1. Please identify the pairs in which a residue from region 71-100 that is on the phi > 0 side of the Ramachandran plot and without any contact (Cβ under 8 Å) to a residue 40 or more places away in the chain has its Cβ atom under 7 Å from the Cβ atom of a residue that is surrounded by 11 or more Cβ atoms within 10 Å (Cβ to Cβ) and in a strand (DSSP E or B), counting only partners at least 6 apart or on another chain.
2. Find all pairs meeting these conditions: Cβ atoms under 6 angstrom apart; at least six residues apart or on different chains; first residue within region 41-65 and farther than 18 Å from residue 93 by Cβ; second residue at pLDDT 95 or above and in a loop (DSSP other than H, G, I, E, B).
3. So, residue 65, is that one assigned to a loop (DSSP other than H, G, I, E, B), within 19 Å of residue 114 (Cα to Cα), out of contact with any helix residue (DSSP H, G or I) (no Cβ under 7 Å at 6 or more places or on another chain) and modelled with pLDDT under 90 or not?
4. Exactly one condition in (1) surrounded by 11 or more Cβ atoms within 10 Å (Cβ to Cβ); (2) free of Cβ contacts under 8 Å to residues at least 40 places away in the same chain; (3) touching a strand residue (DSSP E or B) at 6+ places or on another chain (Cβ under 9 Å) is not met by residue 34; state its number.
5. May I ask you to list the residues in region 86-116 that are closer than 16 Å to residue 39 by Cβ and either within 14 Å of the chain's Cα centre (by Cα) or assigned to a loop (DSSP other than H, G, I, E, B) (or both)?
6. Report yes if some residue within region 57-77 is over 20 Å from residue 106 (Cα atoms), surrounded by 14 or more Cβ atoms within 10 Å (Cβ to Cβ) and in contact with a strand residue (DSSP E or B) (Cβ under 7 Å, 6 or more places away or on another chain); otherwise report no.
């Protein structure tokens, strides 16, 4: 499948975030998990916790920071996507989990744990 330039830029941001999180000790469970509410960029494991990671990359700050771009509607879609994935993978016995953000502004990565 051919990826658009915007998608390739997003993939590169996810690559940066993935490498950063792996250096911090997290391990990859799944990447680009698509569902009816949208895509979960990264699903990682940190010890016994599952971590759903939204990656946002901004090269310019004209419209705010990368982290600022994740509003309530996007958070809701991510929660619903995660719930569907958890249900499919674990049934009704879910592990502990949280939502993190890797915000990439220019070349700087800001890892926000328990972002929402």
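The values are calculated or read from the model by the stated rules, or taken from the named source; none is laboratory data. Note that the structure is a prediction, hence the values are computed from the model and not measured. Note that we place each Cβ from the backbone using ideal geometry, even for glycine, and neighbour counts take in every protein chain shown.
1. none
2. That search, which allows pairs on different chains as well, returns 44/26; 46/26.
3. On the way: assigned to a loop (DSSP other than H, G, I, E, B): yes; within 19 Å of residue 114 (Cα to Cα): yes; out of contact with any helix residue (DSSP H, G or I) (no Cβ under 7 Å at 6 or more places or on another chain): yes; modelled with pLDDT under 90: yes.
Here the answer is yes, as residue 65 does meet what is asked.
4. Status for residue 34: all satisfied but (1).
5. If the condition is that a residue be closer than 16 Å to residue 39 by Cβ and either within 14 Å of the chain's Cα centre (by Cα) or assigned to a loop (DSSP other than H, G, I, E, B) (or both), then 99, 100, 101, 102 are the ones that fit.
6. Step one: filter region 57-77 for residues over 20 Å from residue 106 (Cα atoms), giving 71-77.
From the residues that got through so far, the ones that are surrounded by 14 or more Cβ atoms within 10 Å (Cβ to Cβ) too are 74-75, 77.
Next cut, in contact with a strand residue (DSSP E or B) (Cβ under 7 Å, 6 or more places away or on another chain) only: 77.
Looking through region 57-77, at least one residue is over 20 Å from residue 106 (Cα atoms), surrounded by 14 or more Cβ atoms within 10 Å (Cβ to Cβ) and in contact with a strand residue (DSSP E or B) (Cβ under 7 Å, 6 or more places away or on another chain).
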